[in-house]
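One structure is given below, encoded as structure tokens.
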Amino acid sequence: MTDIKAMILGCSGLTLTPEEIALYKAEQPWGFILFGRNIGDALQITDLVASMREAVGRPDAPVMIDQEGGRVQRIRAPLLQAYPNAQALGEIYLRDKAQGLRAAWLMSRLHAFDLMTFGINVDCLPVLDVPVEGASNVIGNRAYGFDPLLVADMGQAAADGLKAGGMLPVMKHMPGHGRGMVDSHHELPVVDVPLADLDAHDFVPFKALNKELMAMSAHLVFTAIDAERPATTSRKVIDEIIRGTIGFDGLLISDDSSMNALKGTLGERAANIVAGGCDIVLHCNGVMSEMLEVVKEVPVLSGKALERVRAVEAGFTAADGADEAALRDEFNAMLTVA
């Protein structure tokens with residue numbers, strides 16, 4: 001494992017280019033991520049995933065995707081069922097807690113049936129952000145609701161559903177993106193509330209799920225903690241809040257390094273992410289010139305990051321053998337009633 005680098009990379013299209021294969025082989029990213037531009041038909045997705053793993057010579061390399069439901073569903077109908085957003089599931093919980101938790105578990109279990117078919121074994125779910133009134137809709141209905149305890153309950157059910165299907169979840173966006181007043185894909189949100197308010201609201205779901213194996217960072221500035229740097233590149237936020245207050249000792253993956261909330265060249269961003277204490281640098285857009293900058297700044301996995309990676313790799317379990325058709329019927333009946 002000594003030559004594997006602390007990064008997850010995307011690719012540009014439906015198949016790998018010779019340049020991408022050469023880069024992956026030489027630079028050995030720990031894992032990969034798929035987006036909508038990488039999705040054609042079922043056979044194509046399966047082949048792409050297999051070719052990514054073949055390029056690094058590791059049949060177990062993690063391949064991840066954002067398959068939440070609602071507007072963030074990279075593999076869409078008619079290829080896969082169109083799933084509801086998290087808010088719709090949260091509304092079931094508000095009417096009937098047990099039904100809501102079952103709905104969250106079922107949808108994740110169905111995601112696992114869907115994604116494992118293609119060889120995708122990590123889903124960037126659950127979204128544990130707790131929005132506040134007036135926040136940017138970058139989270140919006142991707143959140144289960146406005147109550148931190150509801151979000152924690154539903155997030156745990158969603159994480160458990162993925163694990164029951166042989167996948168692993170990635171919690172996002174630690175330590176909380178719910179107060180962002182602008183979209184971090186385009187600019188840097190600044191959150192200017194006291195630490196006590198963050199602790200009583202934003203951090204609650206992440207504390208509840210702090211034993212999960214993976215989380216994704218938030219590109220937000222919390223002025224009460226570090227007024228200079230977004231959480232993703234802030235040693236203070238990562239050490240004191242994520243590792244300390246929240247108590248998360250799992251693998252911390254940066255949100256996408258190509259998002260405009262981060263400043264500097266892609267190489268500078270990658271270096272800042274590593275310096276801040278994230279274990280893994282994520283680069284999603286598949287632009288070769290950017291990836292070439294990123295790979296120069298990312299270290300080989302070692303120390304705590306390597307320990308956390310090994311814990312993740314050991315954390316995959318066999319699927320539970322559930323009846324897909326029966327679970328799908330149950331879930332769709334639940335939605336019809338809702």
Sorted by Cβ density within 10 Å, fewest first, the residues 336, 15, 245: 336, 15, 245
Once amide H atoms are built 1.01 Å from N in the peptide plane, which residues 5 or more positions from residue 171, or in another chain, come under 5 Å H to H? 214, 215, 216
Listed residues 21, 86, 189: farthest to the positive end of the dipole of the chain (Cβ charges): 21
Order by protection proxy (mean Cβ within 10 Å, highest first), peptides 211-218, 121-128: 121-128, 211-218
Quick one: Karplus J couplings for the stretch 298-305, per residue in order, coefficients 6.51, -1.76, 1.60, θ = phi - 60°, nearest Hz, x for Gly and Pro? 9, x, 5, 4, 7, x, 4, 4
If you count, for each residue, the other Cβ atoms within 10 Å and average over each peptide, how do 144-156, 284-296, 169-181 line up from highest to lowest? 169-181, 144-156, 284-296
Packing-based ranking, highest mean first, of 31-39, 157-165, 325-333 given that Cβ atoms within 10 Å are counted: 157-165, 31-39, 325-333
Rounded to whole Å, give me the distance from the Cα center of the stretch 165-240 to that of the stretch 284-338. 19
Any idea what the relative contact order of the chain is, in percent, if you count C-alpha pairs under 8 Å spaced at least 6 apart? 18
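Among rounded, prolate and oblate, which fits the chain when a ≥ b ≥ c are the square roots of the eigenvalues of its C-alpha gyration tensor, a/c under 1.5 means rounded, and a/b larger than b/c means prolate?
oblate
Quick note: the coordinates plus some simple rules give every number you see, no bench work behind them. Remember, predicted model here, so these are calculated numbers, not experimental data. Positions of Cβ are backbone-derived with ideal geometry, glycine not excepted, and every protein chain shown enters the neighbour counts.
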